[in-house]
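Each remark here refers to the structure printed beneath this line.
The values are calculated or read from the model by the stated rules, or taken from the named source; none is laboratory data. Given the structure is predicted, the values throughout are model-derived calculations rather than measurements. No Cβ is skipped: glycine too gets one built from the backbone with ideal geometry, and neighbour counts run over all protein chains shown.
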Amino acid sequence: MSDATNVPFGPQHPVLPEPIQLRISLEDENVLQALPALGYVHRGIEKAGELNDFQQNVFLVERVCGICSSIHALAYCLAVESAMGLEVPKRADYLRVVWMELHRIHSHLLYLGLLAEAFGFESMFMEFWRIRERVMDLLEMTAGNRVIISVCTIGGVRRDIDAEQARTIREELPKVREEVQRLVDALLGDYTVKRRTAGKGVISGQAALDLGAVGPTLRGSGVAQDMRMAGYAAYSELQFQPVTFPDGDTYSRTAVRAYEVFQSMDLVLAALENLPEGELAAKFKGRPDGAALARVEAPRGELIYMVVGNGTKNLERMRVRVPTYANIPALLSVLPGCEFADVPVVTLSIDPCISCTER
Amino acid sequence: MNLIQKARMKSPWILHFNAGSCNGCDIEILSCLTPVYDIERFGAVNVGNPKHADVLLVTGPVNRRNERVLRNLYEQMLDPKIVVAVGTCASSGGVFHNCYNCLGGVDKVIPVDVYVPGCAAKPETIIEGVILGLEKLAKMPAKPRPGRTSAEAEKVEAER
Amino acid sequence: MSELAAVQGIERIEDAPLEGLLEAVRAYRDRRARFITATCLDRGERFEILYLFDEGLKTVAVRTFLPKGQRLPSITGVYLCGFLVENELQDLFGIEVDGLDIDYRGKFLVTNTFETPPLLKQTTCELRPTKEEPS
Amino acid sequence: MARMLRSVLRNALSKPATRPFPEAPRAEFEKARGLITFDCTDCRFCGACALKCPTGAIRVVREERRIYFEPFKCIVCGACLEACRFGSVRMGPERRKPVYEKPVEVYAKPETEAEPKPPDPGA
Amino acid sequence: MSWIDIGLRAFLAVVVAPWVGMLLVGLDRKLSARLQGRVGPPLTQPFYDLVKLLAKQGDTTSRFQTACLVLFLASNVVSLALVLLGGDLLVMLFVLAFGAVAYIVGGFSAKSPYSQLGTQRELLQLLTYEPLLVFLAVGIYLRTGSFLASAAFQRTEPLLPEMPVFVLTLIAVFGIKLRKSPFDIASSPHHGHQEVVRGPLSEVAGPSLALVELAHWYEVVLLVALASLLWASPLWAGVLVGLGCLLASIVVDNVAARLTWSWMLRFGWLVAVPASILNLIYLYATRGGGG
């Protein structure tokens, strides 16, 4: 076997929950080259965003990606609000933080489980997803739906968290935290896990910046950059320090996400603690006229929405730049030279979200 | 109920294909496998290989590029088989009804046996959907159909 | 409206002529700015293209105007990671990009089965393919 | 590995986390977004719900004084609920069940209920 | 051995064993589920899987591969019969290896790249566990003076206390043969959450896949029988040793990630083989004492 074998990795592949195709050339079990073939999830949401009413778009953009759905909605709402010059009530800002961070917890737990499954650690996958269900219950209790929680609306939020629910969250999160702590210790301290992740797919900090990487991929390479530092919603009033790990390998990226789970729990509790009274959503008249750009931190990294309004109920342009889109070049730069067995692990280490990427 | 019907009811092997979904339904399908819902109680396992599967769970509104992939996967599955469209998008296109690259529902491409509602479909509903589909699967004829010739199989493989 | 006056959330927009685009982008590269993405708007006669960069959590932009029918120089020589978005421009706006590092030739996200590129204003909602996708 | 060993042994010795479903389904959350139904008693057939619906699941025919609702297009976002000024849209926490055929639900004013329903347009 | 005895044992090996194997496989799945905090499938699940696979229509597996799988199944049955009839362990190993090679040849005959890659890994697995089994046979020979399984069965003293390393290598062999972490390199059982999908079985479908499932049932019983040679009298102690090895491999499966083939080869040849040899040296040196 001296000549290269071509393996079409995907679009339907059990390790990948989503249809992306990586065309991989292998020499024995070593990857020579990997190129993505996209387009299996491209729906045309940017165009649909111009055809819909700008308020209906909130529901559309939530479905760009189901895993970070509410964060998409938040980014869109922030962009439209800033284009319209709307002031969001304080309570809505804090409630947004609660939901966004709950969403981040569920997304990161999902990632940790999927990564474990990528290297055949079934029981670890099951454990993470078992705990994740408790966060999903919190989301369903407060927002009425498990995955696509649909809480953001232009001007504020659509639902309230009452005292009873806030108490449930405050009681539940420390228990979840304890279990996650135990599992994260088991995951990050495990010999077999270290063998499969440490030193795999190394991206240096400078390379990550040059390739435009964002989010945990960037922070896993030791670059402390997190859009929450920019202080949208209520983040400016909450204590916030980005989590970084220096090594730039799969292990570091996993560790960043693991510790961000704890950080998010702290943020949820802090936001509930300081939850001000007040309106849920600002009333508004009129339509967006003018352009605005909003950058928020989704679980996978920096998410950017740019809206251009023209004074009608339809937008002139809705532009979405999602985190995975920015992380793919970094992924492609590390795949050549990997073993084939490491391809799923390294691919998952950027936590790819293809439905985001292709919109 | 004879033995074969009972075995079919008790051993649904699942293939999951994401035909352009937002991931919401996909993670809910994965949730079905996990301890809280544990679909393996019903003998279901996610096999990830069309040749082994009995139940095809499709999510998403089906876009132009994966239409062919979906059709091939359906072709490669051996009879008897059922198709479960999971979620609103897979049933009718849902929120993507005016997206240019979407066909709007799995039933535009392959015959669908069960529609599972929800955006995203809840794990309980997905389990109910699979069970509902199995009732249909068990009743399918047990008569063997001549297998695909190897030349045809190769053609399908080449297209994949 | 044929061009953006100002964009909320973008610190400054620097106009660059088409031939000076690469130089302007390279200046950001030299300042170690992180390339975010490019955004294209269909402005009738021409395209308005914004290249967004991150400088310490601030967003800055280089803007250029591309008359329809002309070719766009690729920035992949400066920022390699631009290849994704430039392929997207080819697909969705029908812009031809010169010197693209990894070129999918208009088959990146969609195969060219539409009469007009999907994101152009003239393309309407009832967009259906005009020919079969080549297999 | 030792830590994981403790974890799996604890699992083996304690009750499984699995919810008994479908034998004993768990109650839905009070505020769950589930079943959308229409109550046409006060409905003016203004079509605000259909206009706000992001998926086109609702079709209001004023002349027939009927609402055609396709539940398998509905994403249960609740936009219709917020749009309706007459309280005609209801949302309950129940889950909608999977089916073999996609139905089209037809709603009319209670007094016109006696009339024969027109054939389903989507069926 | 009388003819009745032989007939009874053959009946045991060919007819009763698969049912036992089915229950063991079911137990394996149930236990794995419980370790993961789930309820898991019923014990008889493998049986329903088999019936369903047999009733599937339109097998797309190539005839050649199906023939290879029939050989694989047959070799497993014959190997088991050889052990239960007290036959020569070396012959048994040869037959077993023959079946494994048939399986590999079948895997290589399929065109899919997953099948190709998976089969290469399968070959490496064969290279890892085969020497361990040969050393086990040699160990038994050094104590009983014979390669016949019957010699081990008739021995009154347990072999285990003098051959502790072989229990560990057997657990590894269980892991490799039953496709468990960290050795589930070529294919994973039941769920193909693997970069090579289901490796050599990627192209196998319907009734042909049922053959593999059936062969798997025999395989489990065979492995338990091999382990039970280490404590052959009373026989229930041996069976307990076998089940203990199975249990250990299930637990290891649930506390370890899948590793790579290079790790497996290193483990096999740099750890397990030298340890086996050390144990053999000890057995050789104390040859007179044990008798």
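Applying the criterion of at least 3 residues that are surrounded by 19 or more Cβ atoms within 10 Å (Cβ to Cβ) and modelled with pLDDT of 85 or more to the helices (runs of 4 or more DSSP H) found wholly in region E:1-61 leaves E:17-35, E:45-54.
Can you find a residue in region D:62-76 that is among the aliphatic types (A, V, I, L, M) and at positive phi? Give the steps one after another, and end with the answer.
If we filter region D:62-76 for residues that are among the aliphatic types (A, V, I, L, M), which is where we start, we get D:67, D:75-76.
Going one step further and asking which of them are at positive phi, we end up with D:76.
Checked against the condition, which is being among the aliphatic types (A, V, I, L, M) and at positive phi, region D:62-76 yields at least one hit.
Applying the condition of being more than 14 Å from chain A (Cβ to nearest Cβ) and not aliphatic (A, V, I, L, M) to region E:250-280 and asking which residue is nearest to residue D:6 (Cα to Cα) yields E:268.
Within region A:97-119, being over 13 Å from residue A:187 (Cα atoms) and at the interface with another protein chain (Cβ under 7 Å from one of its Cβ atoms) holds for one residue alone: A:110. When region B:2-50 is filtered for residues that are at the interface with chain A (Cβ under 8 Å from one of its Cβ atoms) and at positive phi, the ones remaining, listed by number, are B:20, B:23, B:48. What residue, among those in region A:125-145 that are assigned to a helix (DSSP H, G or I) and at the interface with another protein chain (Cβ under 7 Å from one of its Cβ atoms), is farthest from residue E:33 (Cα to Cα)? Ranking the qualifying residues of region A:125-145, first place goes to A:141.
Tell me whether region E:281-290 contains one or more residues that are more than 14 Å from chain A (Cβ to nearest Cβ), over 30 Å from residue E:120 (Cβ atoms), in contact (Cβ under 8 Å) with a residue 40 or more places away in the chain and small (Gly, Ala, Ser). Quick ask: steps written out before the conclusion?
Of all residues in region E:281-290, those more than 14 Å from chain A (Cβ to nearest Cβ) come to E:281-290.
Keeping just the survivors that are over 30 Å from residue E:120 (Cβ atoms) gives E:281-290.
Still in the list and also in contact (Cβ under 8 Å) with a residue 40 or more places away in the chain: E:282-284, E:286-287, E:290.
Filter once more, so that each one left must be small (Gly, Ala, Ser): E:290.
Scanning region E:281-290 turns up at least one residue that is more than 14 Å from chain A (Cβ to nearest Cβ), over 30 Å from residue E:120 (Cβ atoms), in contact (Cβ under 8 Å) with a residue 40 or more places away in the chain and small (Gly, Ala, Ser).
Screening the candidates D:62, D:19, D:44, D:66 for the property of being of a type in the set (Lys, Arg) and closer than 30 Å to residue A:134 by Cα yields one hit, D:19. Counting only strands (runs of 3 or more DSSP E) that fall entirely inside region D:7-108 and contain at least 2 residues that are closer than 30 Å to residue A:165 by Cα, the qualifying elements are D:35-38, D:89-92.
Residue A:200 falls short on exactly one of the conditions (1) in contact (Cβ under 8 Å) with a residue 60 or more places away in the chain; (2) at positive phi, and that condition is (2). Give the residues of region C:70-89 that are farther than 23 Å from residue C:30 by Cα, within 13 Å of chain A (Cβ to nearest Cβ) and not acidic (Asp, Glu), sorted by residue number. Correct list: C:87, C:89. Quick one: in region B:66-100, which of the residues that are facing another protein chain (nearest Cβ under 7 Å) and hydroxyl-bearing (Ser, Thr, Tyr) is nearest to residue B:54 (Cα to Cα)? Once the filter is applied, the top-ranked residue is B:91. Apart from one condition, residue B:28 fits all of (1) part of a loop (DSSP other than H, G, I, E, B); (2) within 22 Å of residue A:19 (Cβ to Cβ); (3) in contact (Cβ under 8 Å) with a residue 60 or more places away in the chain; the exception is (1). Do we find a residue being within 20 Å of residue B:88 (Cα to Cα), touching a residue at least 12 places away in the same chain (Cβ under 8 Å) and more than 15 Å from the chain's Cα centre (by Cα) anywhere in region D:75-86? Taking every residue of region D:75-86 in turn, none turns out to be within 20 Å of residue B:88 (Cα to Cα), touching a residue at least 12 places away in the same chain (Cβ under 8 Å) and more than 15 Å from the chain's Cα centre (by Cα). Being assigned to a helix (DSSP H, G or I) and within 30 Å of residue A:341 (Cβ to Cβ) is a property that holds for residue A:116. Reported count of residues in region C:26-51, each being away from every other protein chain (no Cβ under 12 Å), more than 21 Å from residue C:68 (Cα to Cα) and within 13 Å of the chain's Cα centre (by Cα), is 0. Report yes if some residue within region A:58-68 is in a helix (DSSP H, G or I), within 12 Å of chain B (Cβ to nearest Cβ), among the acidic types (Asp, Glu) and buried (at least 24 other Cβ atoms within 10 Å of the Cβ); otherwise report no. Yes, the conditions are met somewhere in region A:58-68. With respect to being of a type in the set (Val, Ile, Thr), touching a residue at least 60 places away in the same chain (Cβ under 8 Å) and surrounded by 24 or more Cβ atoms within 10 Å (Cβ to Cβ), residue E:66 falls outside the description. Pairs linking a residue in region A:39-54 that is in contact (Cβ under 8 Å) with a residue 60 or more places away in the chain and more than 7 Å from every other protein chain (Cβ to nearest Cβ) to a residue that is in a helix (DSSP H, G or I) and aliphatic (A, V, I, L, M), with Cβ atoms under 8 Å and 6 or more positions apart or on different chains, are A:49/A:60; A:49/A:61; A:54/A:80.
Among the residues of region C:24-40, which ones are part of a helix (DSSP H, G or I), surrounded by 12 or more Cβ atoms within 10 Å (Cβ to Cβ) and either of a type in the set (A, V, I, L, M) or free of Cβ contacts under 8 Å to residues at least 24 places away in the same chain (or both)? Write out each step before concluding.
The first filter runs over region C:24-40 and keeps only residues part of a helix (DSSP H, G or I), leaving C:24-30.
Next cut, surrounded by 12 or more Cβ atoms within 10 Å (Cβ to Cβ) only: C:24-29.
Within region C:24-40, C:24, C:25, C:27 meet the criteria.
What about residue A:192, is it surrounded by 16 or more Cβ atoms within 10 Å (Cβ to Cβ) and more than 21 Å from the chain's Cα centre (by Cα)? Answer is yes for this residue.
Cβ-Cβ distances below 7 Å connect the following pairs, each with a first residue in region E:30-56 that is at the interface with another protein chain (Cβ under 7 Å from one of its Cβ atoms) and basic (Lys, Arg), a second residue that is assigned to a loop (DSSP other than H, G, I, E, B) and surrounded by 19 or more Cβ atoms within 10 Å (Cβ to Cβ), and a separation of six or more residues or different chains: E:34/D:16; E:34/E:40; E:38/B:35; E:38/B:38; E:38/D:16; E:38/D:18; E:52/B:11; E:56/B:78. Count of region C:49-77 residues, restricted to those that are of a type outside the set (Lys, Arg) and in a strand (DSSP E or B), is 17. On inspection, residue D:64 does not qualify as charged (D, E, K, R), under 30 Å from residue E:39 (Cβ atoms) and in contact (Cβ under 8 Å) with a residue 40 or more places away in the chain. Taking region B:29-51 as the range and being farther than 17 Å from residue E:49 by Cβ and of a type in the set (A, V, I, L, M, F, W, C) as the test, the residues that pass are B:29, B:30, B:32, B:36.
Taking residue A:124 as the residue in question, decide whether it is surrounded by 21 or more Cβ atoms within 10 Å (Cβ to Cβ), at pLDDT below 90 and more than 22 Å from residue D:79 (Cα to Cα). Steps first, answer last, please.
Working: surrounded by 21 or more Cβ atoms within 10 Å (Cβ to Cβ): yes; at pLDDT below 90: yes; more than 22 Å from residue D:79 (Cα to Cα): yes.
Answer is yes for this residue.
What residue, of E:134, E:83, E:91, E:101, is in contact (Cβ under 8 Å) with a residue 60 or more places away in the chain, assigned to a helix (DSSP H, G or I) and within 24 Å of residue E:272 (Cβ to Cβ)? Going through E:134, E:83, E:91, E:101 in turn, just one is in contact (Cβ under 8 Å) with a residue 60 or more places away in the chain, assigned to a helix (DSSP H, G or I) and within 24 Å of residue E:272 (Cβ to Cβ): E:83. With respect to the conditions (1) surrounded by 15 or more Cβ atoms within 10 Å (Cβ to Cβ); (2) out of contact with any Phe, Trp or Tyr (no Cβ under 6 Å at 6 or more places or on another chain); (3) within 13 Å of another protein chain (Cβ to nearest Cβ), residue C:117 falls short on a single one, namely (2). Considering region B:97-109, the residues that are in a loop (DSSP other than H, G, I, E, B) and out of contact with any strand residue (DSSP E or B) (no Cβ under 6 Å at 6 or more places or on another chain) include one that is farthest from residue D:75 (Cα to Cα), namely B:109.
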